[in-house]
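What follows is one structure encoded as structure tokens, with my remarks underneath.
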Amino acid sequence: MASRTLPLATFRFWMQYFRFETEGFEVLAATESSLIVGYHGGPWTFDLWMLAARMYDELGYFPRASWHPIWWRFPAVREAVAELGGLPGPPTDADVIGIKSRGEHLVVAPGGTREGLRPFWRNHRVDFGGRRGYLRLARAHDLPIIPVVSSGLDETFLGLNDGHALSKRLFGGQEIPAWLGLGLGGIWPLALPFPVKIRQRIGPPIRLGDESLDRAHARVTSTLQSMLDELHR
């Protein structure tokens, strides 16, 4: 538990720094175990970290979530992330069975670096690429999908290149980010994020039917995009 203290204090600091607001938090308390599918705007998922801190305070647990593999390269960080419920890869069946038995939610952000490490002129677009694993997971374990988006995430840093594509070209994958982003006083990841306001919206559960994965994917991503567009109006 001690290893949670500093990260939670950090997440609560970000809540003040970004003047964080959440709409629809009651959905999480009222819905059975679900897959929270978030928008990964910006290099750091500040909104999902802040949401997790609120879930810890009000629902009594820190949700399990898939974290980028780079967090697991550093022993001290790896220990803290694991204590916070972080997973080094896609959730296993055993992970999901345990989560459901406790009545908790699971968090994923399928857009990953495709959404998080891109140039500023391509901001505010939901882009999961070809990823459909989140749908297979939800369907296999009968998990409703709870869509979550936030405005302000894309403005925490000013991206100048497509880091997802460049990382793949240079290193053959996404474990080493090759992204140039400007922040407050310097270059990411050494700079602070700009102190923008982050507004988060949690939508009603999306229940998957017998539709194809591509049709279900279109339904989920179009819902996320509509929610995001509404926040930016």
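The values are calculated or read from the model by the stated rules, or taken from the named source; none is laboratory data. Remember, it's a predicted structure, so these values are computed and weren't measured experimentally. FYI the Cβ positions are ideal-geometry reconstructions off the backbone, even for glycines, and counts take in every protein chain you see. Heads up: the accessible areas ignore ligands, DNA and RNA and are worked out on the full protein's heavy atoms, side chains in. Shrake-Rupley method; radii C 1.70, N 1.55, O 1.52, S 1.80 Å.
Looking for whichever is of a type in the set (D, E, K, R), open to solvent by 10 Å² or more (accessible area, probe 1.4 Å), in contact (Cβ under 8 Å) with a residue 60 or more places away in the chain and closer than 26 Å to PHE25 by Cβ here; the options are GLU79, GLU58, GLU104, GLU115. Which one fits? Let's see the steps before the verdict.
Values: GLU79 fails: closer than 26 Å to PHE25 by Cβ; GLU58 fails: in contact (Cβ under 8 Å) with a residue 60 or more places away in the chain; GLU115 fails: open to solvent by 10 Å² or more (accessible area, probe 1.4 Å).
Exactly one of GLU79, GLU58, GLU104, GLU115 is of a type in the set (D, E, K, R), open to solvent by 10 Å² or more (accessible area, probe 1.4 Å), in contact (Cβ under 8 Å) with a residue 60 or more places away in the chain and closer than 26 Å to PHE25 by Cβ, namely GLU104.
Counting just the residues of the range 199-212 that are open to solvent by less than 40 Å² (accessible area, probe 1.4 Å) and among the hydrophobic types (A, V, I, L, M, F, W, C), which one comes out farthest from the chain's Cα centre (by Cα)?
First, pick out the residues of the range 199-212 that are open to solvent by less than 40 Å² (accessible area, probe 1.4 Å): 200, 202-203, 206, 209, 211.
With the extra rule that they be among the hydrophobic types (A, V, I, L, M, F, W, C), the set shrinks to 202, 206.
Values: ILE202: 12, ILE206: 17 Å.
So the residue we want is ILE206.
Given (1) open to solvent by less than 30 Å² (accessible area, probe 1.4 Å); (2) under 20 Å from ALA65 (Cβ atoms), where does ASP127 come up short, assuming only one miss?
Going through (1) open to solvent by less than 30 Å² (accessible area, probe 1.4 Å); (2) under 20 Å from ALA65 (Cβ atoms) one by one, ASP127 breaks only (1).
Of the numbered conditions (1) among the aliphatic types (A, V, I, L, M); (2) touching a residue at least 40 places away in the same chain (Cβ under 8 Å); (3) touching a strand residue (DSSP E or B) at 6+ places or on another chain (Cβ under 8 Å), LEU184 fails exactly one; give the number of that condition.
(2)
Are any residues in the range 193-210 modelled with pLDDT of 95 or more and within 21 Å of ALA140 (Cβ to Cβ), and if so, which ones?
Applying the first criterion (modelled with pLDDT of 95 or more) to the range 193-210 yields 193-208.
Within the range 193-210, PRO205, ILE206, ARG207, LEU208 qualify.
Which residues, counting only those in the range 193-233, are within 18 Å of TYR39 (Cα to Cα), aliphatic (A, V, I, L, M) and touching a Leu at 6+ places or on another chain (Cβ under 8 Å)?
Of everything in the range 193-233, those that are within 18 Å of TYR39 (Cα to Cα), aliphatic (A, V, I, L, M) and touching a Leu at 6+ places or on another chain (Cβ under 8 Å) turn out to be ILE198, ILE202, ALA216, VAL220.
Please enumerate the residues belonging to the range 52-78 that are out of contact with any helix residue (DSSP H, G or I) (no Cβ under 6 Å at 6 or more places or on another chain), part of a helix (DSSP H, G or I) and under 25 Å from PRO177 (Cα atoms).
ALA52, PRO69, ILE70, ARG73, PRO75, ALA76, listed by residue number.
In the range 1-44, which residues are of a type in the set (Lys, Arg) and loosely packed, with under 13 Cβ neighbours inside 10 Å? Step through it out loud before you land on a result.
We begin by selecting, within the range 1-44, every residue of a type in the set (Lys, Arg); these are 4, 12, 19.
ARG19 - this is the single residue of the range 1-44 that is of a type in the set (Lys, Arg) and loosely packed, with under 13 Cβ neighbours inside 10 Å.
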